[in-house]
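The values are calculated or read from the model by the stated rules, or taken from the named source; none is laboratory data. Computed from a predicted structure; not experimentally measured. Reconstructed Cβ throughout: ideal geometry from the backbone, glycine too, with neighbour counts over all protein chains shown. Keep in mind that these areas ignore ligands, DNA and RNA; they rest on the heavy atoms of the full protein, side chains included. Shrake-Rupley method; radii C 1.70, N 1.55, O 1.52, S 1.80 Å.
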Amino acid sequence: DFYRPPERRAENWMDVPSGNMDLERFRKEVLRPAQAGETILYRPYDCQTGRMGEAKPLEEGLTIVEGTYSQHPSLAEYYDFKIFLTCGREEQTRRLRAREGDYFPTFDRVWRTLEERYFAACGTEGAADLVVDTTGFFG
């Protein structure tokens with residue numbers, strides 16, 4: 001929902017951890033309102049159409065944020081508790097093949113590489129309050 005549209009990405013976006021994400025829009029539309037107890041109203045980015053979707057309101061209450069880039073260090077001040085879910089490489093590959101189908105080779109070459117670089121650069125797992133290995137959780 002918070003991908004940065006390609007035309008708004010820096011030329012070297014693949015070299016910048018989370019360079020494909022619009023973290024400022026995420027802060028403005030979700031994290032700051034949640035922290036203030038206000039209604040969250042955000043516009044999801046649709047990668048298929050390349051357009052911003054209709055604004056979606058979220059009810060007040062417990063806010064759970066998930067996603068690969070959701071624990072970027074610049075967002076840490078907004079979270080009360082951070083959980084990092086992981087699994088073994090073979091299990092990750094099995095899940096990605098099932099999810100991505102024919103797109104898996106590209107996903108593996110491009111996106112998994114970017115995610116691993118991001119985790120290493122930002123110390124995501126080490127910054128979590130709880131790390132859960134989900135290998136074997138989902139048959």
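So the values come out like this:
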item: Selection within region 5-51 - open to solvent by less than 70 Å² (accessible area, probe 1.4 Å), hydroxyl-bearing (Ser, Thr, Tyr) and more than 21 Å from Ala76 (Cα to Cα); result: Tyr45
item: Region 72-87 - residue that is open to solvent by less than 100 Å² (accessible area, probe 1.4 Å) and touching a strand residue (DSSP E or B) at 6+ places or on another chain (Cβ under 7 Å) and, of those, nearest to Gly37 (Cα to Cα); result: Ile83
item: Qualifying residue in region 57-67 (condition: surrounded by 15 or more Cβ atoms within 10 Å (Cβ to Cβ) and either at pLDDT below 90 or over 30 Å from Asp133 (Cβ atoms) (or both)); result: yes
item: Glu54 being open to solvent by 40 Å² or more (accessible area, probe 1.4 Å) and within 23 Å of Val16 (Cα to Cα); result: no
item: Selection count where residues are without any contact (Cβ under 8 Å) to a residue 60 or more places away in the chain and open to solvent by 70 Å² or more (accessible area, probe 1.4 Å), scope region 88-139; result: 20
